[in-house]
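Participant: The structure's right below; bear with me while I get my questions together.
A short reminder: the numbers here are calculations on the coordinates, not readings from a lab. All of these numbers come straight from a predicted model, not from anything done at the bench. Note that we place each Cβ from the backbone using ideal geometry, even for glycine, and neighbour counts take in every protein chain shown.
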Amino acid sequence: GKRNNKNSIQFYSQSMRDSSHQLIQLEHELRLAIKNNEFELFLQPIVDLAKNNITKAEALIRWNHPKKGMISPDKFIPVAEKSDLIIALGEWVIQRACQMVKKLAKLGYNIKISMNLSSAQVTDNNLFSYLHACVKNYKIDPCLLEVEVTEGVLVDDYSVANKLLSKVRTIGMSVSVDDFGTGYSSLSYLKQLPLDFLKIDRSFINDIVTDDNDKAIVKAVIALAHNLNLCVIAEGVETQEQLSFLTDNACNSVQGYLFSRPVQFNAFVELLKKHPHT
Ligand code: C2E
Ligand code: CA
Ligand code: CA
Ligand code: CA
């Protein structure tokens, strides 16, 4: 009846107040966390199937909260994206990635590090200068850096993305399309944008051994990418059977728990020691 309706409306607006309060609280904590240096950049190896070794790593951020422990990026990146915080966080990621490339090179490993870029970073006028300055400060080879941009961002911010990615590639950095296949978008951007790699989303890899539709999709995506001169990385590879299918179908590289979860820098170096390296 009426009374129930009124109560549910009150309840709803109360919970809305709570969740917006929570959001403001989280934003505040994130701001402090940047100041207090509570973030860590984990690395997940990407294995080149032709070379049979680790040639690249994806940088994945974690928040090492003093009370709540390790917090996954899915919990705080969306909050940072709703404010200007994503810019500061993104710049921190770029700094750390450059530092890591440098440290790895000093240890004798020429490993590329790929970084995820949010929409607000792609449209940030200062992003390119920031990247360029970091590369110069750390005196690293820009070929050892890569940016990952999702299909959605490439399509929604097409002309800014086009300009940024062209500049990024001019200095030798490479570009990946992230989460490919999840954006429900037209494919025409693929031939127009300056790209190097296409990362097939793990939702297509999950059931690749049993699902004939996923098999067909992944084969078609690999063929499409190769025709456009792009290399293909399969995400979320967890089993030997998935790996065999991808190897048999000329996929270029793989990333997933089969090889390693994302790990801290020192653990990543241990992984490199265990693998044959060129
Ligand atoms: P993403 O870019 O698609 O990253 C891949 C995600 O898949 C990572 O989750 C990784 O840990 C997970 N993953 C890798 N291999 C496997 C596997 O075999 N099985 C399964 N089930 N998962 C696997 P993570 O680290 O939690 O990151 C989640 C998302 O947060 C990322 O998705 C990315 O969109 C965002 N993110 C992470 N770090 C950054 C960052 O530094 N900047 C920005 N803007 N976004 C970031
Ligand atoms: Ca990514
Ligand atoms: Ca992805
Ligand atoms: Ca994703």
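Participant: Is it the case, given these coordinates, that Val168 is within 16 Å of ligand 4 (Cβ to nearest atom) and either within 25 Å of Arg96 (Cα to Cα) or of a type outside the set (Lys, Arg) (or both)?
Facilitator: When the stated conditions are applied, Val168 does not pass them.
Participant: Tell me yes or no: at least one residue of region 31-44 is within 30 Å of Ile233 (Cα to Cα), more than 16 Å from ligand 3 (Cβ to nearest atom) and of a type in the set (Phe, Trp, Tyr).
Facilitator: Yes, region 31-44 contains a residue that is within 30 Å of Ile233 (Cα to Cα), more than 16 Å from ligand 3 (Cβ to nearest atom) and of a type in the set (Phe, Trp, Tyr).
Participant: Taking region 190-202 as the search range and keeping residues that are touching a Ser or Thr at 6+ places or on another chain (Cβ under 8 Å) and within 10 Å of ligand 1 (Cβ to nearest atom), which one is farthest from Val47 (Cα to Cα)?
Facilitator: Filtering first and then ranking leaves Asp201.
Participant: A further question follows. Of the residues Lys112, Lys139, only one is on the phi > 0 side of the Ramachandran plot and either surrounded by 15 or more Cβ atoms within 10 Å (Cβ to Cβ) or more than 13 Å from ligand 1 (Cβ to nearest atom) (or both); which?
Facilitator: Values: Lys112 fails: on the phi > 0 side of the Ramachandran plot.
None of the other options fit; the residue is Lys139.
Participant: Considering only region 235-256, state which residues are closer than 14 Å to Ala50 by Cα, within 16 Å of ligand 1 (Cβ to nearest atom) and free of Cβ contacts under 8 Å to residues at least 60 places away in the same chain.
Facilitator: Leu243, Ser244
Participant: Working only within region 206-244, note down all residues that are over 25 Å from Ser114 (Cα atoms) and either touching a Ser or Thr at 6+ places or on another chain (Cβ under 8 Å) or of a type in the set (Phe, Trp, Tyr) (or both).
Facilitator: Val209
Participant: Tell me, which residue of region 237-259 that is small (Gly, Ala, Ser) and within 16 Å of ligand 3 (Cβ to nearest atom) is nearest to the chain's Cα centre (by Cα)?
Facilitator: Top of the filtered list is Gly256.
Participant: When only residues in region 162-189 that are within 16 Å of ligand 1 (Cβ to nearest atom) and small (Gly, Ala, Ser) count, which is surrounded by the most Cβ atoms within 10 Å (Cβ to Cβ)?
Facilitator: Among them, the one singled out is Ser176.
Participant: Something else: Just for region 55-81: of the residues that are within 14 Å of ligand 2 (Cβ to nearest atom) and of a type in the set (Asp, Glu), which one is surrounded by the most Cβ atoms within 10 Å (Cβ to Cβ)?
Facilitator: Restricting to residues being within 14 Å of ligand 2 (Cβ to nearest atom) and of a type in the set (Asp, Glu), the top hit is Glu58.
Participant: OK, next. Of the residues Val209, Val147, Val175, Val155, which single one is away from ligand 4 (no atom under 13 Å from the Cβ), under 19 Å from Ala225 (Cα atoms), among the hydrophobic types (A, V, I, L, M, F, W, C) and touching an Asp or Glu at 6+ places or on another chain (Cβ under 7 Å)?
Facilitator: Numbers: Val209 fails: under 19 Å from Ala225 (Cα atoms); Val147 fails: touching an Asp or Glu at 6+ places or on another chain (Cβ under 7 Å); Val155 fails: touching an Asp or Glu at 6+ places or on another chain (Cβ under 7 Å).
Checking each option against the conditions leaves just Val175.
Participant: Check whether at least one residue in region 204-218 is within 13 Å of ligand 3 (Cβ to nearest atom), touching a strand residue (DSSP E or B) at 6+ places or on another chain (Cβ under 9 Å) and in contact (Cβ under 8 Å) with a residue 12 or more places away in the chain, and report yes or no.
Facilitator: Scanning region 204-218 turns up at least one residue that is within 13 Å of ligand 3 (Cβ to nearest atom), touching a strand residue (DSSP E or B) at 6+ places or on another chain (Cβ under 9 Å) and in contact (Cβ under 8 Å) with a residue 12 or more places away in the chain.
Participant: For region 139-186, enumerate the residues that are within 13 Å of ligand 3 (Cβ to nearest atom) and over 23 Å from Thr55 (Cα atoms).
Facilitator: Glu151, Gly152, Val153, Gly181, Thr182, Gly183
Participant: Same structure, new question: Scan region 164-181 residue by residue and report those that are more than 10 Å from Glu151 (Cα to Cα), touching a strand residue (DSSP E or B) at 6+ places or on another chain (Cβ under 9 Å) and hydroxyl-bearing (Ser, Thr, Tyr).
Facilitator: Residue satisfying the conditions is Ser174 alone.
Participant: For region 67-94, which residues satisfy the criterion of being part of a loop (DSSP other than H, G, I, E, B) and more than 9 Å from ligand 1 (Cβ to nearest atom)? Lay out the reasoning, then the answer.
Facilitator: Filtering region 67-94 for residues part of a loop (DSSP other than H, G, I, E, B) gives 67-68, 72, 82-84.
Of everything in region 67-94, those that are part of a loop (DSSP other than H, G, I, E, B) and more than 9 Å from ligand 1 (Cβ to nearest atom) turn out to be Lys67, Lys68, Lys82, Ser83, Asp84.
Participant: Count, please, the residues in region 242-264 that happen to be surrounded by fewer than 17 Cβ atoms within 10 Å (Cβ to Cβ) and not basic (Lys, Arg).
Facilitator: The qualifying residues number 8.
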